[in-house]
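Single-structure report; data block below.
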Amino acid sequence: MDKVLDSPARAVGDIPDGALLAVGGFGLCGIPSTLIGALADTGTTGLRVVSNNCGVDDWGLGLLLRSGRIARMTSSYVGENKEFARRYLGGELEVELTPQGTLAERLRAGGAGVPAFYTPAGVGTQIEEGGLPWRYAPDGTVALASPPKEVREFGGRRYLLEEAITADFALVRAEVADRHGNCVFHAAARNFNPLCATAGRITLVEADRIVEPGGIPPDAVHLPGVYVDRIVAADPADRRIERRTVSSPATPEESR
């Protein structure tokens, strides 16, 4: 089955208000920026998003956040986005902070059909006890706090019960995809992308390069096409470096 669509707008056109999205990427590495940009051009709002972070103020998921289209975020790291902090502390955004490994496993479990699992991460903290602010009121008080987690002991050690995540739609970026949906990711850009892809009921992939079936060696496939529903070409110019670091030129003495 050929899953390639002619435009990102067609791929995201049926995402409804209030949809739960699993969005790949880490920082600005491997983010589905072309699909996010297309979604930003729609009127879709009230989105609930599961992603490691929320982009930066003017890029990635930050575009949706800035326009008030995201109602809830489930993330493990949010430190690079001032608008995120402003909306969260101002009571405009609900935020569920989750340990990074737990977030990855919740997505993996959702894709594998496992409804919940036990993990030691968060034992003895507010993750276990509850009370983490999920949403603030405009006056700065806590309007909604996290509930306590179920705890069980295995082998003399305490573990927390965490529920899996299954999203309505997943947005993913790949380096190469064939027309059947088999995908290859580049190095660290793989990050959360395969996990989000398997956790989505409908999975949208943007790829830097689209090849014919058979163009990817079977042993090189990172994500089987059975998990992918729609493919679009990624905008080749749609990339950013989150933190550019350069070194000073070496002095003649240093280069000797």
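Data table
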{"item": "Net lengthening on full extension, Gln100/Asp58 (0.36 nm per residue, minus Cα-Cα)", "result": "12.8 nm"}
{"item": "Estimated dipole of the chain in Debye, rounded to 20 [Cβ of Lys and Arg +1, of Asp and Glu -1, Cα centre]", "result": "240 debye"}
{"item": "Antiparallel DSSP beta bridges within the stretch 18-141, percent to nearest 5", "result": "15 percent"}
{"item": "Helix-derived mean residue ellipticity, 222 nm - over the chain, DSSP H n ≥ 4, -39500 (n - 2.57), to 500", "result": "-5500 deg cm²/dmol"}
{"item": "Inter-label distance for Tyr118 and Ala143, nm, one decimal - labels placed 7 Å from Cα along Cα-to-Cβ", "result": "3.7 nm"}
{"item": "Isotropic mean projected area of the C-alpha convex hull, the stretch 74-200 (nm²)", "result": "9.9 nm²"}
{"item": "Cleavage-rule hits, chymotrypsin sites (Phe, Trp or Tyr not before Pro), the stretch 132-166, DSSP coil, Cβ neighbours within 10 Å at most 12", "result": "none"}
{"item": "Ile202 long-range amide H proximity, modeled H, under 5 Å", "result": "Phe169, Ala170"}
{"item": "Label-point gap, in nm, between Asp41 and Arg152 - each point 7 angstrom along Cα→Cβ", "result": "4.9 nm"}
{"item": "Along each principal axis, Cα extent of the chain, largest first, Å", "result": "59, 51, 46"}
{"item": "Note, ³J(HN,Hα) from phi for the stretch 144-157, Karplus 6.51, -1.76, 1.60, rounded to Hz, x at Gly and Pro", "result": "8, 10, 5, x, x, 8, 5, 10, 9, 10, 10, x, x, 10"}
{"item": "Karplus (6.51, -1.76, 1.60) ³J(HN,Hα), θ = phi - 60°, over the stretch 113-120, in Hz, Gly and Pro reported as x", "result": "x, 9, x, 6, 7, 9, 9, x"}
{"item": "Euclidean distance of C-alpha centroids, the stretch 24-41 and the stretch 105-131, integer Å", "result": "26 Å"}
{"item": "Note, ³J(HN,Hα) from phi for the stretch 51-64, Karplus 6.51, -1.76, 1.60, rounded to Hz, x at Gly and Pro", "result": "7, 3, 8, 10, x, 10, 4, 10, 8, x, 4, x, 5, 6"}
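Taken together, the values in this text are just the output of simple stated rules run on the coordinates, not laboratory data. For clarity, every value in this text was computed on a predicted model and none was experimentally measured. Glycine also receives a Cβ, built like all others from the backbone with ideal geometry; neighbour counts cover every protein chain displayed.
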